[in-house]
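One structure is given below, encoded as structure tokens.
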Amino acid sequence: MDATPSKDELTAKLTPEQFHVTQEGGTERAFTGEYWNEKRSGTYRCVVCGEPLFSSTTKYDSGSGWPSFTAPIDVSMVKDKRDVSHGMVRTESRCAKCDAHLGHVFPDGPGPDGLRYCINSAALELDPDTE
């Protein structure tokens, strides 16, 4: 799929929640997403363009109710954007390839960089490792 699909292509491909999250900057409710408690190993891809974004090796339980990662597979695959919505200042995470909204990144993670990528399940598609 092209990195910039049309709205018609997106509405045909994505569920209403996936469209709302990735195209309208929405957020799924905590503890409701498909991957918040996922334990399988694999690669989490952008649900819009299929770009590999996060590895299960950096996924951890942050207690937030959303899939949390200490780092993307490659920092160039996820871009940051200042977000001043909802009366607060946050850093939004977006897919660098197709510009889909993924979630937010916070400076309270356990990894070496101290980051927590708090990502909506609706923005991701797990490509599980085969055993």
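Look at the alpha carbon pairs under 8 Å that are at least 6 residues apart: their mean separation over the length of segment 46-131 gives a relative contact order of 28 percent. Distant-in-sequence amide contacts of TRP66, defined by a placed amide H-H separation under 5 Å and a gap of 5 or more residues or a different chain, comprise PHE31. Think of segment 6-131 as having a plus end and a minus end, set by charges on the Cβ of Lys, Arg, Asp and Glu; of GLY114, THR70, HIS101, GLY114 sits farthest toward the positive end of this dipole.
Summarising the amide proton neighbourhood of GLY109: residues at separation of 5 or more, or on other chains, whose placed amide H is nearer than 5 Å comprise LEU115, ARG116. Among the protein heavy atoms of the chain, carbon and sulfur supply 48% of the accessible surface, probe 1.4 Å, non-protein parts ignored. You can think of it this way: the chain between LYS81 and ASP61 has 4.8 nm of extra reach, that is 0.36 nm per residue less the Cα-Cα gap. Taking each residue as 0.36 nm, the span from ASP113 to ARG29 lengthens on full extension beyond its C-alpha to C-alpha distance by 27.6 nm.
Annotation: per residue accessible area for segment 1-103 equals 54 Å², rounded to a whole number [probe 1.4 Å, protein chains only]. Computed from backbone phi with θ = phi - 60° and the Karplus coefficients 6.51, -1.76 and 1.60, the 3J(HN,Hα) list for segment 9-22 is 5, 5, 5, 6, 8, 9, 6, x, 5, 4, 5, 4, 5, 7 Hz; x is used for glycine and proline. Lysine pairs in the chain whose alpha-carbon atoms fall under 25 angstrom of each other, counting only those eight or more residues apart or on distinct chains, come to 11.
The values are calculated or read from the model by the stated rules, or taken from the named source; none is laboratory data. None of these values were measured; they are calculated from a predicted model. Please note: Cβ atoms are built from the backbone with ideal geometry, for glycine as well, and neighbour counts cover all protein chains shown. Accessible surface is based on the protein model in full, side chains and every heavy atom, while ligands, DNA and RNA are left aside. Shrake-Rupley method; radii C 1.70, N 1.55, O 1.52, S 1.80 Å.
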